[in-house]
Amino acid sequence: MSGAPAPAPAPDVGEEDRGGLRAALAGLTTRGRSFLAAGVAAAVCAYVLGQSDLLRVGLLLAALPLVCVAVLLRTRYRVAGSRRLSPARVPAASESRVHLRVDNVSRLPTGLLMLQDRVPYVLGPRPRFVLDRVEPGGRREVSYRVRSDLRGRYPLGPLQLRLTDPFGMCELTRAFSSYDTLTVVPRVEPLPAIRLSGEASGYGDGRQRSLALAGDDDVIPRGYRHGDDLRRVHWRSTARYGELMVRREEQPQRTGCTVLLDTRRIAHQGAGPDSAFEWSVSGAASVAVHMLERGFSVRLLTDTGSSVPGPDGGGSGGDSSDVAGLLLDTLAVVDHSASSDLSRAYEVLRSGREGLLVAFLGGLDEEQTAVVARMRQRSGAAVAFVLNGAAWSRDARGDGQEAFEERLRLLREAGWTALPVGPGESLPHLWRQADGQRTSPGTGASTGTGTGAQAGGAR
């Protein structure tokens with residue numbers, strides 16, 4: 001039913017529609033059962049007393065609910081429903097509107113229609129609508145809004161339709177079997193355009209290019225596009241494919257950016273939309289979308305070693321909006337992992353190419369701090385947003401804060417631009433601080449090797 005403005009010619013029949021006449025008779029209301037009982041009683045009395053007039057009255061009383069059952073039984077198979085989400089993907093705490101449409105594709109008018117759609121409780125109360133009779137070939141449209149503060153994928157449906165006849169003799173329920181899915185993605189905050197220290201080519205300004213052909217036999221052609229130089233037309237490929245083809249002599253190589261998200265359960269405390277983990281997920285989504293908009297090839301990496309897009313998906317090819325949608329859909333359902341360390345993420349980074357690395361890290365011990373420090377060796381520039389566990393847990397003990405500051409110092413000495421994150425921190429503000437960190441005497445920071453990446457205390 002998703003996104004279809006008009007119902008299918010053959011309506012979707014649910015399991016409840018297969019009961020036949022028995023199910024229809026079970027749908028008789030109290031009024032219908034009373035009429036049927038009165039008609040049978042009148043017919044029996046007429047037979048005993050020999051009153052033909054009373055027999056006709058009894059037959060009329062008994063026939064009325066049976067006729068309503070027959071008409072309603074035929075009508076319910078000729079009522080089609082559809083649902084459309086606008087939009088089907090929304091950020092957390094935003095609303096989506098669900099449009100329901102009911103079409104009467106029979107030659108008979110319907111009675112009173114009661115419409116109900118099943119939705120998870122986190123999206124709000126279950127919507128119910130009462131629709132007046134629908135003329136033959138007519139339709140009715142209603143809509144309701146859903147909203148969730150929690151990211152995730154939520155099923156909507158199946159749609160239930162209760163039909164009644166004009167006399168109120170019978171009620172039948174129609175349940176459609178199909179459903180739609182609403183995807184609630186993390187909130188994406190707009191970030192300022194900054195030039196991070198050690199960035200090799202800026203925001204797509206100095207993209208490296210490599211030759212895509214070594215000779216006439218190795219040419220990689222593509223279809224002609226409006227504005228292409230006619231001198232680049234490759235006539236041999238044009239004759240082979242039957243359409244105008246041009247040489248693809250240069251292929252841009254976009255600067256890579258890896259967004260590392262620490263999902264370890266032991267590294268995060270608390271739950272809910274305001275928890276530290278949800279801040280990290282929202283931050284990873286914001287950075288990924290921001291870098292895609294500026295021409296970077298972005299991939300999402302978690303502590304489990306899973307990468308999105310995968311090795312075959314690239315992240316360097318395809319439309320950036322498609323990659324952004326894939327990353328947001330992944331972050332919509334990401335959850336805590338049972339992993340205890342970041343070694344698998346380090347192995348993925350060690351086997352990959354250099355580029356910008358932006359990490360959202362939970363609580364770190366000495367061993368994991370050393371692992372993160374080694375990650376810096378395979379990146380052109382590295383920025384870490386480290387959650388301050390003592391602040392998020394409201395632990396006022398000084399030893400916890402001192403240990404956290406020691407972890408930050410070790411990361412900065414390894415070349416990371418390490419920023420502490422506490423409750424209520426603004427990611428755009430921290431993003432500007434990442435650009436403002438400078439090496440200065442006495443800060444305990446040092447300059448990263450090979451790329452000029454700078455680290456130090458946040459201003």
Enumerated strands (runs of 3 or more DSSP E) restricted to the range 143-252, each holding at least 3 residues that are open to solvent by less than 30 Å² (accessible area, probe 1.4 Å), modelled with pLDDT of 85 or more and among the β-branched types (Val, Ile, Thr): 180-185
Residues being of a type in the set (Phe, Trp, Tyr) and more than 14 Å from LEU261 (Cα to Cα) - total across the range 350-395: 1
Options ARG83, ARG33: the member that is at pLDDT 75 or above and open to solvent by 60 Å² or more (accessible area, probe 1.4 Å): ARG33
Where a residue in the range 362-378 is of a type in the set (Lys, Arg) and its partner, wherever it lies, is assigned to a helix (DSSP H, G or I) and open to solvent by less than 90 Å² (accessible area, probe 1.4 Å), with Cβ under 6 Å and at least six apart: ARG378/LEU349
Pairs, first under 24 Å from ASP274 (Cα atoms) and of a type in the set (D, E, K, R) in the range 392-415, second at pLDDT below 90 and assigned to a helix (DSSP H, G or I), C-beta under 9 Å, six or more apart: ASP395/GLY389; ASP395/GLN401; ARG397/ALA390
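The values are calculated or read from the model by the stated rules, or taken from the named source; none is laboratory data. Keep in mind that this is a model prediction, so the values were computed, not measured. Cβ: placed from backbone, ideal geometry, glycine included. Neighbour counts: every protein chain shown. Side chains are part of the model used for accessible areas, which takes the heavy atoms of the whole protein and leaves out ligands, DNA and RNA. Shrake-Rupley method; radii C 1.70, N 1.55, O 1.52, S 1.80 Å.
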